[in-house]
1. Using θ = phi - 60° and the Karplus curve 6.51 cos²θ - 1.76 cosθ + 1.60, what whole-Hz ³J(HN,Hα) does each residue of segment 9-15 get, with Gly and Pro shown as x?
2. R0 = 25 Å: FRET efficiency of Glu10 with Cys61, Cβ-based, nearest 0.05?
3. Hey, what do the phi angles of segment 21-38 turn into as Karplus ³J(HN,Hα) couplings, whole Hz, using 6.51/-1.76/1.60 and θ = phi - 60°, x for Gly and Pro?
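Please treat every number below as a calculation from the coordinates, not as lab data. Quick caveat, the model's predicted, so the values are computed rather than measured. For neighbour counting, all protein chains shown are included, and Cβ atoms are generated from backbone atoms with ideal geometry for every residue, glycine included.
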Amino acid sequence: MGINVIRHDEKKPGGLDEVMKHFEDSVIEPYQLCMIGDRLLTDIVFGNLYGMLTIHCLPLCTGKDNARDNKIASLIRPVENGALYGNWFGGRIVRNKTIPHKIWAGEESCEIVLSKQAKNVNDSDKMKSN
C-alpha cells in the first residue's frame, strides 16, 4: 500500500521521541501529525496523549495475510472495539468525549472521507497481488 511504518523500541503510548526524530526538522510539534491505527488502547491513545489527529481503522491485513499479527493484540482488538464503540451506555459516553484538535476543527466543518478514487486504487492493487 505504500504506507510507511515508523519502527520504535519503546511501546506505545510511549515512544514520542522516536517518532519526532523520524521526522527531524519537518515536524516541530506532535499536533502536526496524524496517527492512524487499528488499536484503540495503544495507537489512538498514543496520538491523543500528544495532541495528534487520530484515525481508527480496521487492520490492514485479514485472514492468512494476518498470520504474523500479534496474537494478544488480535484477541484484545475486538474487545476494545466492542467496549469503546459498542452501542451501550459506556460506548456512547466515550464517543461523545471528543478532544478538540489544534488544527482540525472537526467533521462538522471538514469531514474526513475516503474518496472513491482511493478505494479504486486499493482494489486494483489487490487484484495485482492475486
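1. These are the phi-based 3J(HN,Hα) values: 7, 7, 6, 5, x, x, x Hz.
2. Numbers: r = 24 Å, r/R0 = 0.96.
Efficiency at R0 = 25 Å is approximately 0.55.
3. So the J values, rounded to whole Hz, are 5, 4, 8, 6, 8, 6, 10, 9, 10, x, 5, 7, 10, 10, 9, 10, x, 9.
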